[in-house]
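Accompanying notes for the structure given below.
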Amino acid sequence: MTEHKIRVLIAKPGLDGHDRGAKVIARALRDDGMEVIYTGLRQTPEMIAEAALQEDVDVVGISILSGAHNALIPQVIEKLRANGQEDVFLFLGGIIPQDDIPALLAGGVRKVYGPGTNTAQVCTDIREAFAERIEA
Amino acid sequence: MKPTLLDELRKGDRLALSRLLTQVERDTPSGRAALEELFPATGHAHKIGITGPPGSGKSTLVNALVYALRSLENDPKVAVVAVDPTSPFSGGAILGDRVRMLESQSDPKVFIRSMASRGALGGLAERTAAVTQVFDAAGYDFVIIETVGAGQSEVDIVRLAHTTIVVDIPGTGDDIQSIKAGILEIADILVVNKSDHPGADATLRNLSTMVAMGQRRQYSATKHGPSLSTPKAETEAEPAWYVPVLKTIAAEKTGIERLADAILRHGAYLRESGMWEQKEAAALRETIIKMLASTLLKNWRARIPDEELEAILAKVSARNISPQEAVERLLAL
């Protein structure tokens, strides 16, 4: 039996075409020893949930810069739940107005990160969440 | 853990399948128990290996190939196991093959799974064969295995796959590259991808020449050996497989139907010639030998105290004894 590597899906839903942030975070998680499945730009919530299902990930990390988070994130969460993956942690990064954050967190997002976030903090948060998942 | 996992799998439960793949990849007790139960149901899937250098378009080719296989009349189920390298420093990995395979991922008869190589060097992960068995038992007709970007010696795939496809691209080397030993030799089908790029014809020519030389050897061995073999051997000779060299532009799905056709022909050839069973037997033998090696090592390690091992290793570091002598002493413990 081998150590359970943390598997993370990094996805970018919607139409904005800037995936530098997603790639930086993917690289940081890799350097922290996680297995990162990267699916590229312009994913629908269905595609993200399907990839999360096939890859049996522990965490889904979503990057949104377009402002469409209030529309897209609830859909992603709904699809994940519909597939039976309610125990997958959802992390969100991007340009998210402060006012929107409480509702996102209440809706099931584990953490929301803005510009300038320290990647080490993200790694720590994911490991914390993962430890909870393993205990549960 | 959950006794119902296998029933769910057979009913086509994708979450159950996905979770089982994780258990098998991690080699957990429940994963092992599942493999044991599933084993009698394996041996039906056509396992197709895709290998070639990084950036040659393997993932894009897989995407196109999945599409072509799914268009076949008998409506087959297709699984993909895509292996990407694990960082030797952090143990982490970026698994990016999926980016090229989005087209079919929502098709309920397609299942794509990424795997990190986790330190294995032969182009596959240690548990790739086991993961393939799960798909096989779950009723997938084709399992496509994409190796890590391979150079010249990552040839494990040939022991796992029934049909090995080696992908090359124009401009990767002169004709001396194509006569070296290694990856090109293992091909059942050779593909020159990105064949709209300059130099495609030269690459095609080099590969075709290499293949023709190999086939002449095979031909003379099986057919033209009157001084060496009896005439009877001529009629009983196995039908030969002529390695096709195909041009594709995977991103545009050009040449993919011919590739799919070649794969099906190769599958039929293997079954008719009896090579299918031979390959299966060889793959199982390989699996057992590997398991045996790792079990022996683990059992040996479990009964050797750390101090004794460290003491002998220290003697080697100090150049007091050679590694060879160290092994002899360790085995004598």
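The values are calculated or read from the model by the stated rules, or taken from the named source; none is laboratory data. What you see is a predicted model; the values in this text were computed from it and never measured. Cβ placement follows ideal geometry from the backbone for every residue including glycine, while neighbour counts extend to all protein chains displayed.
Here are some notes:
- Near pairs, Cβ below 8 angstrom, 6+ apart or cross-chain, from segment B:99-112 (more than 10 Å from every other protein chain (Cβ to nearest Cβ)) to any residue that is in a helix (DSSP H, G or I) and surrounded by 20 or more Cβ atoms within 10 Å (Cβ to Cβ): B:GLU103/B:ASN63; B:GLU103/B:VAL66; B:SER104/B:ASN63; B:SER104/B:VAL66
- Top-ranked residue of segment A:1-27 - restricted to ones that are over 14 Å from the mean Cα position of the chain (by Cα) and among the aliphatic types (A, V, I, L, M), ranked as modelled with the lowest pLDDT: A:MET1
- When we screen A:LEU9, A:LEU15 for residues that are more than 24 Å from B:PRO108 (Cβ to Cβ) and more than 7 Å from chain B (Cβ to nearest Cβ), the only hit is A:LEU15.
- Test for B:SER87: is it assigned by TED's automatic domain parsing to the domain that holds B:ALA268, closer than 19 Å to B:LEU15 by Cβ and in a loop (DSSP other than H, G, I, E, B): no
Let's see how each residue does on (1) hydroxyl-bearing (Ser, Thr, Tyr); (2) assigned by TED's automatic domain parsing to the domain that holds B:SER56; (3) within 17 Å of the chain's Cα centre (by Cα); (4) modelled with pLDDT of 90 or more:
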position: B:HIS224; (1), (2), (3), (4): no, yes, no, no
position: B:SER227; (1), (2), (3), (4): yes, yes, no, no
position: B:THR235; (1), (2), (3), (4): yes, yes, no, no
position: B:PRO244; (1), (2), (3), (4): no, yes, no, yes
position: B:ILE249; (1), (2), (3), (4): no, yes, no, yes
position: B:THR254; (1), (2), (3), (4): yes, yes, no, yes
position: B:GLU257; (1), (2), (3), (4): no, yes, no, yes
position: B:TRP300; (1), (2), (3), (4): no, no, no, yes
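- Failed criterion for B:ALA16 (all others in (1) away from chain A (no Cβ under 13 Å); (2) touching a Leu at 6+ places or on another chain (Cβ under 6 Å); (3) of a type in the set (Gly, Ala, Ser) hold): (1)
- Scanning segment B:44-98 for residues that are in contact (Cβ under 8 Å) with a residue 12 or more places away in the chain and aromatic (Phe, Trp, Tyr) gives a single hit, B:TYR67.
- Counting only strands (runs of 3 or more DSSP E) that sit wholly inside segment A:37-136, those with at least 1 residues that are surrounded by 20 or more Cβ atoms within 10 Å (Cβ to Cβ) and within 14 Å of chain B (Cβ to nearest Cβ) are A:59-64.
- Test for B:ALA45: is it crowded, with 18+ Cβ neighbours inside 10 Å and over 25 Å from B:ASP168 (Cβ atoms): yes
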